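Colleague: Please find one structure pasted underneath; my questions will follow.
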Amino acid sequence: MEIAIVGGGLMGHGIALVLALAGHGVRITDTRAETRDAVHGLMASALATLRDAGAAPDGWDEHRLAGAVQIEAELPATVEGAGLVIEAITENPQAKQALFAELDRLCAPDAIIASNTSYLDVFPLIPERRQSRALVMHWYTPPYIIDLVDVVPGPGTDPAVIAAMADLVSGLGQKPVVLKRFVPGYIANRIQQAISAEVFHLLDEGYATPREIDEAIIHGLSLRIPILGHLAKADFTGLDLTRRALANGSYAPPQARTRSETLDDLCDRGRTGVMAGQGYFDWGGRDPADLFRERDRKLLALKKAMAGIGRMEGT
């Protein structure tokens, strides 16, 4: 299938790499020339990391990848003849609505339009005549390592389109999770948001430091989650204990907030994360590209180990 990607930034180039390695013809564009110019280099770097870990398909190198993913300067050339168009632009409803109007004008009548949006309900922004072939396909960063893809229908999406796109994701070697209907953040991001709400509470109220919080997550939650998930873990703990803990009311979730004092302080001081060299932690002046490569190598090693270990799964 010829696939077009609109938006070549953090997610777009990673999705392009995943699709290309699975044998799909890919065209990608971005409104910013500097972003377009960076796409091949970013994909080549990610491919090198996959190859070093033994996680890339045989026969792929930078030159083959450059031939498999075509960079286009203009939207019409990008989407012409594409059977699937993936929207991966900024999370701005006005920008997305304008793009969907252009896609409606340019795309073939039977083209499938998928949005990589994380939280926006894009379906009201998509022209009515495209609703039956529109859906959300949401990848996680980095998409060439993290297998989860949310596949989400709109109110008018043809079920056959959902089934076909879930099959496409499975054919990429990734894991589609098909939701019944749209909910902002889907499953993983909503759980992550709940964790973040508690983390901001613990930080802002001075209960713990960033280091202590991450130690608790890594050495407590994370070791069990890859094997059991959350609900299977409850089965092993015993649902009667879970029910008693819930009935006791000993946990009160923090009040919903739209800001965090500790987060605001870091951002105001320019400590915005790895790209700035500092965030909650000091990253020692290391090149962000080196840090991303180290992250990817460690994720790939963990993924390989987990594939050998397997998970415990009920029916």
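Colleague: Just to be sure I understand the filter: pairs with C-beta atoms under 7 Å, separated by 6 or more residues or on different chains, first member in segment 256-274 and without any contact (Cβ under 8 Å) to a residue 24 or more places away in the chain, second member not in a loop (DSSP other than H, G, I, E, B). Which pairs pass?
Modeller: Going by the 7 Å Cβ cut-off, the qualifying pairs are G270/A276; R271/Q278; V274/P288; V274/L291.
Colleague: Of everything in segment 90-131, what is touching a Ser or Thr at 6+ places or on another chain (Cβ under 9 Å) and loosely packed, with under 14 Cβ neighbours inside 10 Å? Give them in sequence order.
Modeller: E91
Colleague: Sort out which residues of segment 59-99 are more than 22 Å from the chain's Cα centre (by Cα) and either without any contact (Cβ under 8 Å) to a residue 24 or more places away in the chain or not assigned by TED's automatic domain parsing to the domain that holds I112 (or both), and write them in order of number.
Modeller: G59, D61, E62, H63, R64, G67, A98
Colleague: Which residues, counting only those in segment 23-44, are among the aliphatic types (A, V, I, L, M), part of a helix (DSSP H, G or I) and touching a residue at least 24 places away in the same chain (Cβ under 8 Å)?
Modeller: Selection gives A33, A38, V39, L42, M43.
Colleague: Here is a further query. Within segment 1-43, count every residue that is surrounded by 19 or more Cβ atoms within 10 Å (Cβ to Cβ) and either within 16 Å of the chain's Cα centre (by Cα) or not polar (S, T, N, Q) (or both).
Modeller: Residues flagged as surrounded by 19 or more Cβ atoms within 10 Å (Cβ to Cβ) and either within 16 Å of the chain's Cα centre (by Cα) or not polar (S, T, N, Q) (or both) within segment 1-43 amount to 25.
Colleague: From the list V183, V199, V178, which residue is over 30 Å from E261 (Cβ atoms), of a type in the set (A, V, I, L, M), modelled with pLDDT of 95 or more and surrounded by 12 or more Cβ atoms within 10 Å (Cβ to Cβ)?
Modeller: Numbers: V183 fails: over 30 Å from E261 (Cβ atoms); V199 fails: over 30 Å from E261 (Cβ atoms).
Going through V183, V199, V178 in turn, just one is over 30 Å from E261 (Cβ atoms), of a type in the set (A, V, I, L, M), modelled with pLDDT of 95 or more and surrounded by 12 or more Cβ atoms within 10 Å (Cβ to Cβ): V178.
Colleague: From the list A20, A4, which one is modelled with pLDDT of 95 or more and part of a strand (DSSP E or B)?
Modeller: Numbers: A20 fails: part of a strand (DSSP E or B).
After applying the criteria, what remains is A4.
Colleague: If you don't mind, there's one more thing I want to ask. For segment 103-117, state whether one or more residues are free of Cβ contacts under 8 Å to residues at least 12 places away in the same chain, at positive phi and not charged (D, E, K, R).
Modeller: Initial filter on segment 103-117 (free of Cβ contacts under 8 Å to residues at least 12 places away in the same chain): 105, 109.
Then keep just the ones that are at positive phi; that gives none.
No, the conditions are met nowhere in segment 103-117.
Colleague: When A20 is evaluated against the numbered criteria (1) within 24 Å of G154 (Cβ to Cβ); (2) touching a helix residue (DSSP H, G or I) at 6+ places or on another chain (Cβ under 9 Å); (3) among the small types (G, A, S), which criterion, by number, is the only one it fails?
Modeller: It fails just one condition, (1).
Colleague: Next up: Filtering segment 108-141 down to residues that are touching a Leu at 6+ places or on another chain (Cβ under 9 Å) and β-branched (V, I, T), which residue is farthest from G154 (Cα to Cα)?
Modeller: Looking at the filtered set, the residue picked out is T141.
Colleague: Only one of these is out of contact with any Lys or Arg (no Cβ under 6 Å at 6 or more places or on another chain) and assigned by TED's automatic domain parsing to the domain that holds P253: L221, L172, L168. Name it.
Modeller: Numbers: L172 fails: assigned by TED's automatic domain parsing to the domain that holds P253; L168 fails: assigned by TED's automatic domain parsing to the domain that holds P253.
Of the residues listed, the single one that is out of contact with any Lys or Arg (no Cβ under 6 Å at 6 or more places or on another chain) and assigned by TED's automatic domain parsing to the domain that holds P253 is L221.
Colleague: Going by the conditions given, is A46 of a type in the set (A, V, I, L, M), buried (at least 17 other Cβ atoms within 10 Å of the Cβ) and in contact with a Phe, Trp or Tyr (Cβ under 9 Å, 6 or more places away or on another chain)?
Modeller: Working: of a type in the set (A, V, I, L, M): yes; buried (at least 17 other Cβ atoms within 10 Å of the Cβ): yes; in contact with a Phe, Trp or Tyr (Cβ under 9 Å, 6 or more places away or on another chain): yes.
Yes.
The values are calculated or read from the model by the stated rules, or taken from the named source; none is laboratory data. This structure is a prediction, so every number in the text was calculated from the model and none was measured. Reconstructed Cβ throughout: ideal geometry from the backbone, glycine too, with neighbour counts over all protein chains shown.
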